[in-house]
Amino acid sequence: MRAITHDQHGEARQVLRLSEQTPPPAPEAGQVQVRVLSRPVHPGDLAGVQGFPGATQGRFAAPRSPGLEGMGLVETVGEGVTDLRPGQRVAFFPVPGAWSELLTAPADLVVPVPEGVSDGTAALMLVNPLTLLMLLRAVEDAQHGLKGPVVQTAAGSSVGRLVGAAALRHDIPLVNLVRSAAGAQSLRERFPTLPTVSTADADWRAQVRDATGGRGAQVVLDAVGGSMTGELAGLLDDGGTLITYGQLGSGSTPLESVALTPRALTVRGVTITQWLTRTPEERAEDVAFAAGLAATAPELFEVAAGYDLADFAQAVDHVRRPGKSGTVLLTSPAS
């Protein structure tokens with residue numbers, strides 16, 4: 001068995017390595033052992049390898065394997081697990097160590113894959129749809145019952161396309177932002193009724209203001225952050241809310257330059273880890289939504305490419321490739 005591990009934070013290509021995996025112990029009561037076949041390379045996974053602000057520096061006490069999401073086959077089940085069986089296809093989240101080929105997980109974080117859903121779709125079945133639900137709830141809270149224009153960055157990303165589809169379904173007045181003219185054209189073809197603006201255009205701010213009716217956005221969903229935060233705050237109407245859920249950009253923006261107080265702006269962070277604070281019943285409803293979406297709309301779960309675990313460096317490069325469409329997967333043979 002193999003695993004991708006690192007023993008310190010740093011640039012992924014420099015600190016990650018392919019290792020022989022020490023088999024985990026047999027599952028205890030309420031646990032499941034899964035042979036992992038496919039797992040996504042999310043930007044958040046690479047950020048975790050790099051080390052978030054405030055992360056402890058130096059070597060770890062024991063090597064770590066990145067990743068929290070994936071799919072595979074149940075190997076064995078622990079005592080008391082009755083709804084999962086050996087050989088069953090399952091998806092899991094959030095279970096640390098997804099970039100290994102064998103892991104042990106709490107049974108309540110392991111979900112049967114619906115019949116007909118491909119392995120590639122199953123590997124992406126949970127994190128992005130659950131992130132979508134978190135964002136939609138944050139938007140609803142920010143709107144206070146009055147729907148106004150919503151702008152989203154990284155609209156061509158996997159989560160961005162889910163937001164676009166949800167906007168059409170729920171009649172949300174959404175404006176999409178992307179980085180290039182080619183990306184804008186591709187997104188217009190996918191969502192022809194949603195305004196799409198490329199930030200490569202010199203007048204992109206004016207285009208956004210026109211698309212929001214001239215008064216600015218009520219909410220901005222931002223996966224970019226960094227030096228663009230000030231620009232995005234400028235797109236908000238007074239009293240608006242900037243919801244940040246990613247750090248794809250570079251640089252930084254001092255908060256005092258955003259004029260939060262005089263314009264009564266709100267900045268709110270949303271992270272997928274907050275999903276675990278929901279009740280078991282609420283989480284079960286969310287997972288059912290995610291599984292249903294994977295079964296009925298697999299086109300929303302686009303796979304950019306698949307790489308064997310041994311080719312993780314190529315996978316990392318692909319994740320960072322400009323114009324990438326879809327999610328990169330790391331795969332393992334079934335046998």
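Details
- When Leu135, Leu221, Leu177, Leu232 are checked against the criterion of being at pLDDT below 95 and of a type outside the set (D, E, K, R), Leu232 stands alone in meeting it.
- For segment 69-84, the condition of being part of a loop (DSSP other than H, G, I, E, B) and touching a Leu at 6+ places or on another chain (Cβ under 9 Å) holds for at least one residue.
- Residue in segment 279-299 that is at pLDDT below 95 and under 15 Å from the mean Cα position of the chain (by Cα) present: no
- Test: residue in segment 305-322 that is part of a loop (DSSP other than H, G, I, E, B) and not assigned by the TED database to the domain that holds Val49: no
- Of the residues in segment 138-153, not one is within 19 Å of Leu293 (Cβ to Cβ) and part of a loop (DSSP other than H, G, I, E, B).
- Of all residues in segment 222-241, those satisfying the criterion of being assigned to a strand (DSSP E or B) and either open to solvent by 30 Å² or more (accessible area, probe 1.4 Å) or over 19 Å from Gly164 (Cβ atoms) (or both) are Leu236, Asp237, Asp238, Gly239, Gly240, Thr241.
- Of note, Leu162 satisfies the criterion of being assigned to a helix (DSSP H, G or I), touching a helix residue (DSSP H, G or I) at 6+ places or on another chain (Cβ under 7 Å) and within 26 Å of Thr121 (Cα to Cα).
- The residues of segment 195-221 that are surrounded by fewer than 19 Cβ atoms within 10 Å (Cβ to Cβ) and assigned to a strand (DSSP E or B) amount to a single one, Ser198.
- Any hit, segment 105-114, residues being in a loop (DSSP other than H, G, I, E, B) and assigned by the TED database to the domain that holds Val224: no
- Within segment 191-216, the residues that satisfy the criterion of being under 29 Å from Glu299 (Cα atoms) and touching a residue at least 40 places away in the same chain (Cβ under 8 Å) are Thr196, Val208, Ala211, Thr212.
- When segment 31-68 is filtered for residues that are farther than 17 Å from Arg17 by Cα, in a loop (DSSP other than H, G, I, E, B) and modelled with pLDDT of 95 or more, only Leu68 remains.
- Among residues of segment 85-103, those that are touching a helix residue (DSSP H, G or I) at 6+ places or on another chain (Cβ under 6 Å) and assigned to a loop (DSSP other than H, G, I, E, B), counted: 2
- Some residue of segment 268-282 being open to solvent by less than 30 Å² (accessible area, probe 1.4 Å) and within 20 Å of Thr229 (Cα to Cα): yes
- Of the residues screened, Leu103 is one that is closer than 27 Å to Leu162 by Cβ, buried (at least 22 other Cβ atoms within 10 Å of the Cβ), out of contact with any Leu (no Cβ under 9 Å at 6 or more places or on another chain) and not hydroxyl-bearing (Ser, Thr, Tyr).
The values are calculated or read from the model by the stated rules, or taken from the named source; none is laboratory data. Note that this is a predicted model, so its numbers are computed, not measured. As a convention, Cβ positions derive from the backbone with ideal geometry for all residues, glycine included, and neighbour counts pool all protein chains shown. Surface areas here come from the heavy atoms of the whole protein model, side chains and all, with no ligands, DNA or RNA. Shrake-Rupley method; radii C 1.70, N 1.55, O 1.52, S 1.80 Å.
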